[in-house]
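Participant: I'd like to ask some things about the structure below.
The values are calculated or read from the model by the stated rules, or taken from the named source; none is laboratory data. None of the values given here were measured: they were computed from a predicted structure. Positions of Cβ are generated from backbone atoms using ideal geometry, with glycine treated the same way; all protein chains shown enter the neighbour counts. Note: accessible area is taken over every heavy atom of the protein model, side chains too, but ligands, DNA and RNA are not part of it. Shrake-Rupley method; radii C 1.70, N 1.55, O 1.52, S 1.80 Å.
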Amino acid sequence: MLLGAVTGETPTRTYERLARMKAAEPRLFRRLRVLKLDEWMGVPPRHPGSCEAYLREHLLGPLDVTGARYQGWRSQPKDPEAECTRVGRWLADHGPIDLCVLGLGRNGHLLMNEPAASLPPGPHVARLSPSTRRHSMIQAMKPSPRYGLTMGLGDILGSRAILLLVSGRHKAAALRRMLEGRVSTRSPASFLWLHPDVTVFCDRAAGGAIEGTRP
């Protein structure tokens, strides 16, 4: 199984539950592979605010995923476009993603696919929006990253199943826009309507957006 893994505060409890499952039933995770879905460009991999450091602490270490069972972005590539090509080729050879775990950005982004007039379908260098640059992982960095490396919406929609996790009142407006059912590049999360197997879990703070929207 190939797990596409997102980072941040929202998926942490989910990963903690996986770690407890691993402790109880180690054999369940022996063939698990993990793909890091995005990364802050220019942030050293050992920096505590990097996606790499987060995954090693919360997912890779607890689930004992090592070596060829893990694929991630190189956060400081000499040639960012070549790095996108490398990750895209890896997914083409080893994919598709079986379960893609995502969070929802306060502006409706998925991974680092920001609202825009058009959206690249594959791995690409993304210019981060002001709200994304205030993300809790990087808000203390001076200066904060301006660009990220990310899988595209085509990569996400090519997954066999998608799990979207949403938490916090500050995500409620973005969740409501997504649930309206209109697909728009100005709300990248709305593209999930095009996938046949999407599960959304939200907490009560974010879930206040759901009343009055279509099922």
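Participant: Could you rank Phe29, Phe191, Phe201 by how accessible they are, 1.4 Å probe, largest area first?
Facilitator: Phe201, Phe191, Phe29
Participant: Then there is this: Can you tell me how region 22-141 classifies by the Cα gyration tensor, rounded, prolate or oblate, using a/c under 1.5 as the rounded cut?
Facilitator: prolate
Participant: When the Karplus curve 6.51 cos²θ - 1.76 cosθ + 1.60 is applied with θ = phi - 60°, which whole-Hz ³J(HN,Hα) does each residue of region 96-111 get, with x for Gly and Pro?
Facilitator: x, 5, 7, 9, 9, 8, 10, x, 10, x, 5, 9, x, 6, 10, 6
Participant: Assuming R0 = 41 Å, what is the FRET efficiency of His170 and His94, from their Cβ-Cβ distance, to the nearest 0.05?
Facilitator: The computed FRET efficiency comes out at 0.70.
Participant: Give me the accessible area of Met1, 1.4 Å probe, in Å² rounded to the nearest 10.
Facilitator: The accessible area of Met1 comes to roughly 110 Å².
Participant: Related question: Let me check something: with ligands and nucleic acids excluded, how do Met21, Met41 order by accessible area (1.4 Å probe), largest to smallest?
Facilitator: Of Met21, Met41, the descending order of accessible area is Met21, Met41.
Participant: Give the residues of region 110-137 whose amide nitrogen is closer than 19 Å to a point set 7 Å from the Cα of Arg186 in the direction of its Cβ.
Facilitator: Under cut-off, by backbone N: 110, 113-120, 129-132.
Participant: Indicate the gyration tensor shape class of region 78-215 (rounded, prolate or oblate), computed on the Cα atoms with a ≥ b ≥ c the square roots of the eigenvalues: a/c under 1.5 is rounded; otherwise a/b larger than b/c is prolate and the rest oblate.
Facilitator: oblate
Participant: Mark the label point 7 Å from the Cα of Lys142 along Cα→Cβ and return the residues of region 37-56 whose backbone N is within less than 18 Å of it.
Facilitator: 48-49
Participant: Taking a point 7 angstrom from the Cα of Arg46 along the C-beta vector, which residues in region 53-93 have backbone N less than 14 Å away?
Facilitator: Once the point is set 7 Å along Cα→Cβ of Arg46, 53 turn out to lie under 14 Å by backbone N, inside region 53-93.
Participant: How much of the DSSP bridge set in the chain is antiparallel, in percent, rounded to the nearest 5?
Facilitator: 35
Participant: Roughly how many Å² is the accessible area per residue of region 1-135, as a whole number, for a 1.4 Å probe?
Facilitator: For region 1-135, the solvent-accessible area averages 50 Å² per residue.
Participant: Considering only protein heavy atoms and a 1.4 Å probe, what is the carbon-and-sulfur percentage of the accessible area of the chain?
Facilitator: 52
Participant: Additional query: In what order, largest first, do His135, His195 sit by accessible area if the probe radius is 1.4 Å?
Facilitator: His135, His195
Participant: Using alpha carbon centroids, what distance separates region 55-98 and region 99-131, in Å?
Facilitator: Using only Cα atoms, the two centres lie 18 Å from each other.
Participant: Quick one, could you list the DSSP H helices from the chain stretching 30 Å or more along their long axis (Cα atoms) with average Kyte-Doolittle hydropathy of -0.5 or above?
Facilitator: none
Participant: Give me the percent relative contact order of the chain, please, defined on Cα pairs under 8 angstrom at least 6 residues apart.
Facilitator: Contact order relative to length: 21 percent.
Participant: Using 0.36 nm times the number of residues separating Met1 and Ala116, minus their current alpha carbon distance, what extension gain do you get?
Facilitator: Between Met1 and Ala116, full extension yields an extra 38.2 nm.
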